[in-house]
Amino acid sequence: MESLDEIKARVEAAVPGAIVEIVQNASPSQQHSLKIDNEHARDVAKWLRDDPALRLDFCSNVTGIDWLDRTVKKTVKVKKVVDGEEKEVNETTEEKIPGYIEAVYHLYSMIHKHGPVIIRMRTADRATGARLPSLTPIWRSAEFQEREIFDLYGMRFDGHPDLRRILMWDEFEDHPMRKDYREPDDYEYEPTPHDDVLEKAKPYYTPRPQLDGAESMVEPLDR
Amino acid sequence: MQHPLQRFNSLTNPMIGTGILKGMAVTARNFVGSYFDKERLITVQYPEERNPLPENYRNFPFLIYDGDDSHAGLRCVACKICEKECPPQCIYIVKSEDKKPDYMGKPQFYPKVFDIDISVCMSCQICVEVCPFEAIKMDKDFELSTRERFDALLMRKDDLAKSNDYYRRISPIDAAEVDTKLAATAEAAAKKKAAAPAAAKPVTAATPPASNEPTASRAPS
Amino acid sequence: MSATIETLEAMERPPVSMGSRLEGELLEVSMGPQHPSTHGVFRMNVALEGEIVRKLKPVFGYLHRNHEKIGENASYLGSMPYTDRLDYFCSMTNNWAYALSVEKLAGIEVPERAEYLRVILAELTRLQNHASLLGFLLNDMGAWGTPLMYAFREREKILDLFESLSGSRMMCDYMRFGGCRVDASPEWLAHARKIVDRFPRFIHELEQLIVGNEIVIARTQNVGKVSPELAISAGITGPMLRACGVNYDVRKVDGYGFYPRFKFRIPLGEHGDTYDRLMMRVLEMGESVGILKQAFEQLPAGPIINPKVKIRAFRPPVGEAYGRIEAPKGELGFYLISDGGPNPYRYRVRPPSFINLTILEDMCLGHTVADVMVILGSIDIVMGEVDR
């Protein structure tokens, strides 16, 4: 299979106006991905599916990722004049990246048996109305998975044939997989709460005291 | 490659019912065979008969104590590693304030409270894997049903502490390994203790080297 | 397969479209979450015209435990027991898929003996999964318990093997990053070899019980046909895809875990109907027995885990990885994103049963209510994996 640089060049040539970036992956798995812009996503996806050399007809996995606002520190070696001498100095820059929700598609080819080619799409922000184009018209396997991303992250997909909640019940209101999701407060009694579960349980029942005074709570059992 | 279905001649020219009759022949063979062949009679009349449990079978954890005293011989030093690593967070430990000597004689903390909630525990054995003191092992008792589902399924230190003899009975191979390992550690520690006062003796006891040779350094380990 | 169609023409099913005089309104039925044949808590809202299905919408989420969020809050090692509970029939392959993804993420190597043990256990898992599936499918079709008990008799033997090796029958928690947890003793290997050697006798018995049975043939042939193009587009994997005639098996394509060293064939179906899916499982069991025999021959001695991997405070480098294996139900993949800490930043399971359910509606349209159960049974779903 061709390298990602070649694919990027051919995509930019075939779909005019498409902006494609390569996102490097630092782990030993060497699975780098292509970030495509939201406007031309469907055209790029169609081209990836139909191009005779690639024929990526199998969309294996559609994932939603919630990125909070983060600051990334980059240390770069810069030539600076220090004490009259030109030296290489480490300069740390801090980059503030606002949060967004991302959809990652892992594409394989069943005909040529190669892959994966990984494409990513990002929303502008983490607001509940964040929208992305749906790639279900191109790969039918994205249908249930995009519904799941809508259900668990709150990201809407334009052009999806049937966008409704799939794993949670229809009247549910929040989006469970978001990083700032707070579970509902309905704590039933738990004998060994600790750390943050202990904090949440305190309004509901007296958690166990530090000393093991639980002998006074129940009678000895007949086992 | 011969198509696997071509083996069944009845399909190329079926008489209605031959397939069903073939199936009945199989069941008849099994039924009659169960009188003669042990392998075809697979039901175990529990609870009168029980299948023997394999050596590796694990159910819920328990704490080990050496000797007869469940307090003095308890191996657990309340390091809280199992509490941290437990995936469903079902272990609850409170460390004591005083220390007691362990099997090697060194004073260690002990757990004042050690509770495992077995309605939450998923028997994954990670607590056993990460314990550095061989203090927690997996039990094999599975007949633990109770009538109340909260405090009755909370096993406290007294319920959990079982002797090393019990462990030797239920898992002889593992217990033998653990015993040899602990004996080896105790021996190594004792050797180290004996070697330390020997090194503290004055160096002049060593034979003085010849004038031309460099001084060999006899650094104690 | 074509021979059977010609000679069984007498059993051809009646045409599907009913006359215009018999039009009525659609009856909405919920084949609801409590049902003996839906393989777990699974619900289908079916709109019926008489007996024919006109619309079908699957509803699930009754077993949703938000496994992915638990994965974000637990450490990498702590997630391993939770993967057992995804597809609770095949815990060994779930463990392997997760271990493979983490090994890809962190660049960990696995020693030879561990890879062979993994293959042996994965193929044993495949055997017992396919056997139980055939038992369940026949149970759904109305053979009250007999084929199920036959399949479970064999499954119990394999589960006893798992128990004596890893400590637990179904929730094995056996793989670790860089190898396996417990070594297989020579007695265990001898016992496993004995069971594998007698397995073809069971497959033959099952074939005689099921494959030639006229009721099975009449109820499963031409029912729930899937075309290869639809299957590829819908992301179907596993025996269901191969029943449509598409030659795609992750064991051959990716070649993970020393599978290239074994000689095995991939059975392919022609028509993509339920009967082909059933036969896929029977034929794959035969191939698995072949792989097991070769693995037992070739098993080397050596360490079973990479000693450089830390058990506690395991922090893979920053990055992401997607690892996949051929689980008995399809392609099971884990997508992990690490931010350098002890917990993953994003932990995603690609569940084969969930994605294989995408075309349930397409398969069932135009068939009768009784066929819906047969089609659902042949997809091989487990709700632990669908809902996670």
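Applying the criterion of at least 3 residues that are acidic (Asp, Glu) to the helices (runs of 4 or more DSSP H) found wholly in the stretch C:177-258 leaves C:186-210. Applying the selection to the stretch C:305-328, what residues are open to solvent by less than 10 Å² (accessible area, probe 1.4 Å) and within 15 Å of C:Asn95 (Cβ to Cβ)? Residues satisfying the conditions are C:Gly323, C:Arg324, C:Ile325, C:Glu326, C:Ala327, C:Pro328. For first residues located in the stretch C:53-68 and under 19 Å from A:Leu163 (Cα atoms) and in contact (Cβ under 8 Å) with a residue 12 or more places away in the chain, partners that are small (Gly, Ala, Ser) and surrounded by fewer than 17 Cβ atoms within 10 Å (Cβ to Cβ) and lie 6+ apart or on another chain with Cβ distances below 7 Å form the pairs C:Lys55/C:Ala47. A single member of C:Glu187, C:Glu163 is closer than 15 Å to C:Asp84 by Cα and open to solvent by 10 Å² or more (accessible area, probe 1.4 Å), and it is C:Glu163. Among residues of the stretch A:58-75 that are within 14 Å of C:Glu72 (Cα to Cα), those with a Cβ under 7 angstrom from a residue that is among the aromatic types (Phe, Trp, Tyr) and part of a strand (DSSP E or B), sequence gap 6+ or separate chain, pair up as A:Trp67/A:Tyr100. Is it the case that B:Ala189 is modelled with pLDDT of 85 or more and more than 28 Å from C:Asp84 (Cα to Cα)? No; evaluated as a whole, the condition is false for this residue.
Against the list (1) at positive phi; (2) surrounded by 14 or more Cβ atoms within 10 Å (Cβ to Cβ); (3) more than 13 Å from chain C (Cβ to nearest Cβ), the condition B:Val94 fails is (1). Report whether or not A:Arg156 is over 30 Å from C:Asp249 (Cβ atoms), open to solvent by 80 Å² or more (accessible area, probe 1.4 Å), at pLDDT below 85 and under 20 Å from the mean Cα position of the chain (by Cα). Considered against the rule, which asks whether it is over 30 Å from C:Asp249 (Cβ atoms), open to solvent by 80 Å² or more (accessible area, probe 1.4 Å), at pLDDT below 85 and under 20 Å from the mean Cα position of the chain (by Cα), A:Arg156 comes out as no. Of all residues in the stretch C:118-135, those being more than 15 Å from C:Tyr88 (Cα to Cα) and either touching a Leu at 6+ places or on another chain (Cβ under 7 Å) or open to solvent by 10 Å² or more (accessible area, probe 1.4 Å) (or both) number 4.
Quick one: how many residues across the stretch A:1-22 are crowded, with 16+ Cβ neighbours inside 10 Å and either touching a Gly at 6+ places or on another chain (Cβ under 7 Å) or hydrophobic (A, V, I, L, M, F, W, C) (or both)? Give the derivation first.
First pass over the stretch A:1-22, keeping only residues crowded, with 16+ Cβ neighbours inside 10 Å: A:4, A:7-8, A:10-11, A:15, A:18, A:20.
When the remaining residues are screened for being either touching a Gly at 6+ places or on another chain (Cβ under 7 Å) or hydrophobic (A, V, I, L, M, F, W, C) (or both), the result is A:4, A:7, A:11, A:15, A:18, A:20.
So the answer is 6.
Yes or no: C:Glu51 touching a strand residue (DSSP E or B) at 6+ places or on another chain (Cβ under 9 Å) and at pLDDT below 90? So C:Glu51 fits the description; yes. Among the residues of the stretch C:227-257, those identified as charged (D, E, K, R) and either within 9 Å of another protein chain (Cβ to nearest Cβ) or open to solvent by 40 Å² or more (accessible area, probe 1.4 Å) (or both) are C:Glu229, C:Lys252, C:Asp254. Taking the stretch C:73-114 as the range and being open to solvent by 30 Å² or more (accessible area, probe 1.4 Å) and among the hydroxyl-bearing types (Ser, Thr, Tyr) as the test, the residues that pass are C:Ser75, C:Tyr82, C:Tyr88. Residues that are surrounded by fewer than 19 Cβ atoms within 10 Å (Cβ to Cβ) and touching a residue at least 40 places away in the same chain (Cβ under 8 Å) within the stretch C:168-180 comprise just one, C:Met170. Filter the stretch A:159-183 down to residues that are within 8 Å of chain C (Cβ to nearest Cβ) and either of a type in the set (A, V, I, L, M, F, W, C) or touching a Cys at 6+ places or on another chain (Cβ under 7 Å) (or both) and give me whichever is most open to solvent (accessible area, probe 1.4 Å). If we take residues in the stretch A:159-183 being within 8 Å of chain C (Cβ to nearest Cβ) and either of a type in the set (A, V, I, L, M, F, W, C) or touching a Cys at 6+ places or on another chain (Cβ under 7 Å) (or both), then A:Trp169 is most open to solvent (accessible area, probe 1.4 Å). The set of residues in the stretch C:82-119 that are within 14 Å of chain A (Cβ to nearest Cβ), acidic (Asp, Glu) and not in a loop (DSSP other than H, G, I, E, B) contains only C:Glu103.
Screening the candidates A:Arg156, A:Arg126 for the property of being in contact with a Pro (Cβ under 9 Å, 6 or more places away or on another chain), among the charged types (D, E, K, R) and more than 14 Å from every other protein chain (Cβ to nearest Cβ) yields one hit, A:Arg126. Taken over the stretch A:31-74, the residue count meeting the criterion of being over 17 Å from the mean Cα position of the chain (by Cα), polar (S, T, N, Q) and either surrounded by 13 or more Cβ atoms within 10 Å (Cβ to Cβ) or within 9 Å of chain C (Cβ to nearest Cβ) (or both) is 0. Which residue is farthest from C:Pro328 (Cα to Cα), if the candidates are limited to the stretch C:139-153 and must be more than 10 Å from every other protein chain (Cβ to nearest Cβ) and assigned to a helix (DSSP H, G or I)? The selected residue is C:Met141.
A residue that is among the hydrophobic types (A, V, I, L, M, F, W, C), over 20 Å from B:Asp66 (Cα atoms), part of a loop (DSSP other than H, G, I, E, B) and within 14 Å of chain C (Cβ to nearest Cβ) cannot be found anywhere in the stretch B:130-137. The numbered conditions (1) at positive phi; (2) in a helix (DSSP H, G or I); (3) small (Gly, Ala, Ser) are all true for C:Gly61 except (2).
The values are calculated or read from the model by the stated rules, or taken from the named source; none is laboratory data. This structure is a prediction, so every number in the text was calculated from the model and none was measured. For neighbour counting, all protein chains shown are included, and Cβ atoms are generated from backbone atoms with ideal geometry for every residue, glycine included. Accessible surface is based on the protein model in full, side chains and every heavy atom, while ligands, DNA and RNA are left aside. Shrake-Rupley method; radii C 1.70, N 1.55, O 1.52, S 1.80 Å.
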